[in-house]
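What follows draws every value from the coordinates through simple rules; no lab data is involved. In this text, all values refer to a predicted model and were calculated from it rather than measured experimentally.
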Amino acid sequence: MLKTTFLMGLMTGLIILIGGMLHGRGGMEIAFVFAVGMNFFSYWFSDKMVLRAYKAQPLDASSAPDLYAIVNELATSAGIPMPKLYLIDNDTPNAFATGRNPKHAAVAVTRGIMRICTREELKGVIGHELSHVINRDILTSSIAATMAGVIMMIGTMVRWGALLGGFGGRDDENRGGALGLLFMAILAPVAATLIQLAISRTREYQADASGAHLTHNPLLLANALRKLESANERMPLSDATPATAHMFIVNPLSAGGLSRLFSTHPPIEERIRRLEQMAHNG
């Protein structure tokens, strides 16, 4: 949590710094208010937006009895309310959790994951997702993604402003001139992306560990991750977007070659290695 808090602070600092470089002290104040407003919006509405984006349909005990029983069992063990369940009608196996806190949480699974995973493997996956709920990771990741998006949007506006001649003159020189413009337009969005990736990867490792403790068997999730990684490499989730990819248990986008360096998820091999090490250590 200390590492995540530090990284979130860096992200907020980037927004304030950009505001200051654009419009001095007044710009910093405006940027801070804007960042707080975006965080508030993410806190209240991100869960509804992502479920709607993937056309997720509610599930209950009668429509998915095995899944409902798994989620209910683990939620009871964790001491949290039973989250709402949703189905994404897609053959690519994947899952995610959303919601600002355990009282307003939801777990969504694709049709594909229910087809290829055994009951025990599903238990490992659900343990991971409920750990995101318990650790408030959904809120953290949503805010990080929102702030990174704000910084990228500002960077795009600055680049267009520079191309159209909107950032010239003596005042700009006093605020850093060409170097300041370069930072805002290129370096800040890159830095924001790297910070967001670091936050996302940190929370994934923690959810793996917490989920393994919740299910009392790290190998359940390790076995599921092998299946999910292989299936998603062959058939990436068609509706997935970079803005929501961080929410899924495995990267729903194609992440081969150089793109793996900028993936929101840690390498599957390393996640499995850590889980197997947990199992070995008892």
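Points worth noting:
- Per-residue ³J(HN,Hα) for region 78-89, Karplus 6.51 cos²θ - 1.76 cosθ + 1.60, θ = phi - 60°, Hz, x for Gly and Pro: 7, x, 10, x, 5, x, 6, 10, 9, 10, 9, 7
- Applying 0.36 nm per residue to the separation of ASP60 and GLU270 and subtracting their alpha-carbon distance, the gain on full extension is 72.1 nm.
- ³J(HN,Hα) computed for each position of region 267-273 - Karplus, 6.51 cos²θ - 1.76 cosθ + 1.60, integer Hz, glycine/proline x: x, 4, 4, 6, 4, 5, 4
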